[in-house]
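These notes concern the structure reproduced below.
The values are calculated or read from the model by the stated rules, or taken from the named source; none is laboratory data. All values derive from a computational prediction rather than experimental measurement. All Cβ positions, glycine included, derive from the backbone under ideal geometry; neighbour counts span all protein chains shown.
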Amino acid sequence: MNKDSEQHSSFFETLKRDYSENLILDTETLPDYARDASEINVRPSAIFFAENESEIIDVLKQCRAENIPIVFRGAGTGYTGGAVPVSGGLVLSLERMRKLEIDSKNRMARCGPGIITIELMKEAEKFGLFYPPDPASYDESVLGGNIAENAGGLHCKKYGVTKDYVIGLRAITVEGEIIKTGYYSRNDIFNLTSVLIGSEGLLAAITEIAVRLINLPVIGPTILASYSKPDEAASVVSEIIRLGIVPSVMEYMDGDAINCSNRYEKSIDIEKAEAILLLETTGENCRGEAKMIENICRQYNPVSLMFESDPVLAENLWKIRRNLSKAVKASVKYKIAEDVCVPPSKLPELVEFVSQLNNEYPIRINSYGHAGDGNLHVNFLTDNKEDLKNGLIKKGIVRLFRKTIELGGTLSGEHGIGLTKKDYLELEFNDDTIERMKDIKAVFDPNNLLNPGKMFPGKK
């Protein structure tokens, strides 16, 4: 054990006396906290389960004094390594901070970062209200993580993403100072809420979130259209958008993804297809819009077309999408998940490009995502560990990212940058822009103790 390790060990032993069972030193007993959904694995020196702001302030101050790196953690459902620990550091879990108060009169909610997304949605529904941002992991992901990544979801095309619903934040800096934005400050000069959303745990610990809610909308039919070619489904998406129709949900899945979901849990009988679209409409004209969408789907020669108005039966159609992330992971030993986003009009080109990649490479490559805003999740899948080492997958990812930028897109739709994408950041941003981002990080965290080594590429 080197001198730094001895000092860190002594520090955590002292901290243990203050916080007893809330601080775990035998971190091998909690292996899930050494990784997130990226499966990158780093064992932390300690795990702290915070229960209130006072504890966070104290622990952050003590860690800062001893130069201990800190990684904030929600549910660990992220795919880019944002919650992966730093060697010798502390994982500060916010999952026990579970405040949930609905203010129906003002159509808002005050939430702790440990509230699971679906818990907020269900509680809001009791008051006839709706919280739209619903990532596919909505039954696992927590609001703190959604803030960190600015998560989207199935409803993002019509209703927007996380940042569109956050009206205020409470956060704690590495110096132990409390930041109050929006609702909590009553008056903003600088929009610090937007600075903190999507910052991936690099700036501060989010301790409370105020979100706006909307009236629960009238929900129209669910439409499932299957096609023999992926580009046919993507062309339907482009045509719907061209005509100015805005479904509340518009999801795309390719043939391999469909097969994965049906093997995981067969919820419906569907004819063999190379792509499907799942669509839903909401609002007073939801049935009229659904009929227009149905007519567009028919123009592109669907293999099958399902139109379901019964909410219970419609849920069976949605299972094929909700199960996808778990289903794809269960189908293979190694899954490298990327998410890119292009203008919706360019989605057919991107879908065709992914199909070409799949044909060229000896590994499986499938895709699915939020077609309405051009957000495509692309998965590189293999059972051979050597494929992770021989550069094959990395070359495929670089080609995917370059094509995305060529099409006017961005490297991340909602998964963030974290560890897995930081070396590709320069494909999208020039050096000056990246340096200004680093400057913001330095203002909040001058000693680079919060989630160090994430988001930004290393020195050239």
* Complete set of residues in region 166-218 that are of a type in the set (K, R) and under 24 Å from the mean Cα position of the chain (by Cα) -> R170, R212
* Within region 421-445, how many residues turn out to be of a type outside the set (V, I, T) and in contact (Cβ under 8 Å) with a residue 60 or more places away in the chain? -> 4
* Would you check if there is a residue in region 278-295 being among the β-branched types (V, I, T), in contact (Cβ under 8 Å) with a residue 60 or more places away in the chain and over 22 Å from L313 (Cβ atoms)? => no
* To do: Mind checking which strands (runs of 3 or more DSSP E) fall wholly inside region 240-323 and carry at least 2 residues that are β-branched (V, I, T)?
  => 275-282
* Kindly indicate whether D387 is surrounded by fewer than 17 Cβ atoms within 10 Å (Cβ to Cβ), acidic (D, E) and more than 30 Å from L216 (Cβ to Cβ). => no
* Asked: So is A337 among the small types (G, A, S), within 26 Å of the chain's Cα centre (by Cα), assigned to a strand (DSSP E or B) and farther than 22 Å from K229 by Cβ or not?
  -> yes
* Asked: modelled with pLDDT under 90, under 29 Å from Y159 (Cα atoms) and either surrounded by fewer than 22 Cβ atoms within 10 Å (Cβ to Cβ) or in the same structural domain as P132 (by TED's automatic domain parsing) (or both), is that true of N316?
  -> yes
* Asked: Looking at region 26-54, which of its residues are of a type in the set (A, V, I, L, M), over 25 Å from G112 (Cα atoms) and at pLDDT 95 or above?
  -> V42
* Among (1) surrounded by fewer than 17 Cβ atoms within 10 Å (Cβ to Cβ); (2) of a type in the set (K, R); (3) under 15 Å from E251 (Cα atoms), where does R322 come up short? -> (1)
* Which pairs do you get when a residue that is at positive phi, found in region 85-105, comes within reach of a residue that is of a type in the set (S, T, Y) and not in a loop (DSSP other than H, G, I, E, B), reach meaning Cβ atoms under 8 angstrom, with the pair 6+ apart or on two chains? -> G88/S5
* Asked: Could you count how many residues in region 263-274 are surrounded by 15 or more Cβ atoms within 10 Å (Cβ to Cβ) and more than 18 Å from R322 (Cβ to Cβ)?
  -> 2
* Hey, does region 353-372 have a residue that's among the polar types (S, T, N, Q), in contact (Cβ under 8 Å) with a residue 40 or more places away in the chain and touching a Leu at 6+ places or on another chain (Cβ under 8 Å)? -> yes
* Asked: Can you find even one residue in region 381-398 that is among the small types (G, A, S), assigned by TED's automatic domain parsing to the domain that holds S267 and at negative phi?
  -> yes
